[in-house]
Amino acid sequence: MHETLFQPLTMGSLKARNRIFMAPLTRGRSTQPGSVPNEMMATYYRQRAGAGLIISEATGISVEGLGWPAAPGIWSDEQVEGWKLVTDAVHAEGGLIVLQMWHMGRLVHPLFLGGNPPVSASATTAPGHAHTFEGRKDYEQARAATTDDIKRIVEDYRHAAENAKKAGFDGVQLHGANGYLVDQFLRDSTNLREDEYGGSAENRARFLKEVLTALVDAWGADRVGVRLSPNGETQGCDDSDPATTFGEAAKVCEALGLAFVELREPGPEGTFGSTDVPKQSPLIRQLYTGPLVLNSDYSPEEAVADIDAGRADAVSWGRDFISNPDLPERFSIGAEIAPNVDVPRSWYGQGPEGYVDYPTLAGAEAAE
């Protein structure tokens, strides 16, 4: 069934064996202190290596950029060694995995920074609460990044990209979505700057361009992608003219020749975030001519329809991959897709429960 989803796809130098991609999923299982990947994480990713491409969970590029309990990093030698366990496990199963690179910006609580304020495009405060090792805390006001901060952060991305290569990844994806630092620079509700990084859409996309250029320098454009969330508010980050803003972002991706662009685009009835703001993928499809990966609440039938119609080249699934480690196999035979019902315990718990204990079809049959 769904033969379209099982066609191979070339994205630069990345050769995906099918078009069922695993979306990035924060799971909070790294070893603390140190934010170090471990054997349990290797098992988790190995179980899901049947995906055409695994996009890793969001991974902090620096201490400054990481504000999520037990999320992994990629700035230290110890983290690089931990990630080698993961990449080796995925490659042993014939899989492909890229590292998603993360700076959370204003969504890092000062508790992660020794009491210092987080950095963002402008001195703004996110709505809601941060997840910390001390429980939920109100977000606090960020400080506006100086031009020296911006240069330093771009170099942090470059260093992290080089570490990702040492760790054995097949490429990298810049996390430019969901209200994190890159998104905070892109959108006009959070970027209030009056210098060369603020004002026009072209200026607001400058930080995105500089970071992507650093990643391309480290990897080559044929192994670099980006994730964007171009429609609707996310974590207090919004834009008054998403077509202009994300049209400019698409032009940056096209000019650099990125291997792929992934878009998270919820609809008005999204099950994890919803919006009435129109999807921007048709516009982005016109401006960025490389492989386009779409995400958010897809059934396999909807994915086939969008790929066959040329609206996308692949589709990424997130929560379905949590509770269905063999999701491609289930799609191939039309098997039931097990729901993920233990939220948030199974998403962000510290142990193996709800992480590496979901049965595969083969495992379920063997148990009968």
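The values are calculated or read from the model by the stated rules, or taken from the named source; none is laboratory data. In this text the structure is predicted, and so the values were computed from the model without any measurement. For neighbour counting, all protein chains shown are included, and Cβ atoms are generated from backbone atoms with ideal geometry for every residue, glycine included.
Data overview
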quantity	calculated
Candidates GLY60, GLY82, GLY73 - the one that is buried (at least 23 other Cβ atoms within 10 Å of the Cβ), modelled with pLDDT of 95 or more, in contact with a Pro (Cβ under 6 Å, 6 or more places away or on another chain) and closer than 21 Å to GLY349 by Cα	GLY82
Neighbours by Cβ (under 7 Å, 6+ apart or cross-chain): first from region 22-51, under 17 Å from GLY351 (Cβ atoms) and in contact (Cβ under 8 Å) with a residue 12 or more places away in the chain; second crowded, with 22+ Cβ neighbours inside 10 Å and among the acidic types (Asp, Glu)	LEU25/GLU57; THR26/GLU57; ARG27/GLU57
Test: residue in region 177-192 that is over 29 Å from ALA303 (Cα atoms) and among the hydroxyl-bearing types (Ser, Thr, Tyr)	yes
Where a residue in region 199-225 is closer than 13 Å to HIS159 by Cα and its partner, wherever it lies, is basic (Lys, Arg), with Cβ under 8 Å and at least six apart	ALA214/ARG158; LEU215/ARG158; ASP217/ARG158; ALA218/ARG158; ALA218/LYS165; TRP219/LYS165
Those residues of region 150-166 which are under 20 Å from ASN191 (Cα atoms) and exposed (fewer than 14 other Cβ atoms within 10 Å of the Cβ), in sequence order	LYS151
Among residues of region 85-95, those that are surrounded by fewer than 21 Cβ atoms within 10 Å (Cβ to Cβ) and either under 17 Å from PRO24 (Cα atoms) or of a type in the set (Asp, Glu) (or both), counted	2
Some residue of region 121-134 being part of a strand (DSSP E or B), over 19 Å from the mean Cα position of the chain (by Cα) and more than 22 Å from GLU353 (Cα to Cα)	yes
Verdict on GLY199 being out of contact with any helix residue (DSSP H, G or I) (no Cβ under 7 Å at 6 or more places or on another chain) and small (Gly, Ala, Ser)	yes
Long-range neighbours under 9 Å by Cβ, at least six apart or interchain, first residue more than 19 Å from GLN184 (Cα to Cα) within region 108-136, second acidic (Asp, Glu) and modelled with pLDDT under 95	LEU111/GLU134
Search result, residues across region 207-238 that are over 19 Å from GLU162 (Cβ atoms) and not hydrophobic (A, V, I, L, M, F, W, C)	LYS209, ARG227, SER229, PRO230, ASN231, GLY232, GLU233, THR234, GLN235, GLY236, ASP238
